[in-house]
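Visitor: Encoded as structure tokens, here's the structure I'll be asking about.
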Amino acid sequence: MSATSPSGADGAAFPFPVRLVHDRAADRLEVAVDVLPADVDELTVEASASRLRLTVRRGGERAQRTLSAPDRRAFGDDRRAVYNNGVLSVSLETVPRVHVRRS
């Protein structure tokens with residue numbers, strides 16, 4: 001799966017280009033965000049088992065984008081985020097989602 005989208009979770013425009021690639025063979029979700037001219041101190045990356053939230057705070061403004069784990073997948077423990085030359089690269093392990101049946 002590969003996708004590019006400007007929308008935030010709330011439907012508001014996220015002003016930074018985002019590229020998503022779910023590599024099923026490698027069990028990874030790769031996210032690249034062109035956040036230039038933001039500095040690394042203006043970025044926040046948060047990840048849970050089901051969501052990835054990217055926040056850019058710059059000049060008193062806040063832009064936020066929340067992404068869900070791919071279908072039937074969850075984010076695992078292997079998570080990395082790197083900022084280099086205006087590009088934020090996030091790599092997340094994907095694992096099968098565990099469903100608990102209730103009786």
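Only the coordinates and a few stated rules stand behind these numbers; no lab work does. Model, not experiment: these values are computed from the prediction. Every residue, glycine among them, receives a Cβ derived from its backbone with ideal geometry; neighbour counts consider all protein chains shown.
Visitor: At what distance in nm do the modelled label points of residue 45 and residue 84 sit from each other, each positioned 7 Å from its Cα along Cα→Cβ?
Guide: It is 1.2 nm.
Visitor: Now, a different point. Among 15, 56, 37, pick out the residue whose Cα is farthest towards the positive end of the charge dipole of the stretch 2-96, where Lys and Arg carry +1 and Asp and Glu carry -1 on C-beta, about the Cα centre.
Guide: Final value for the positive-end residue is 15.
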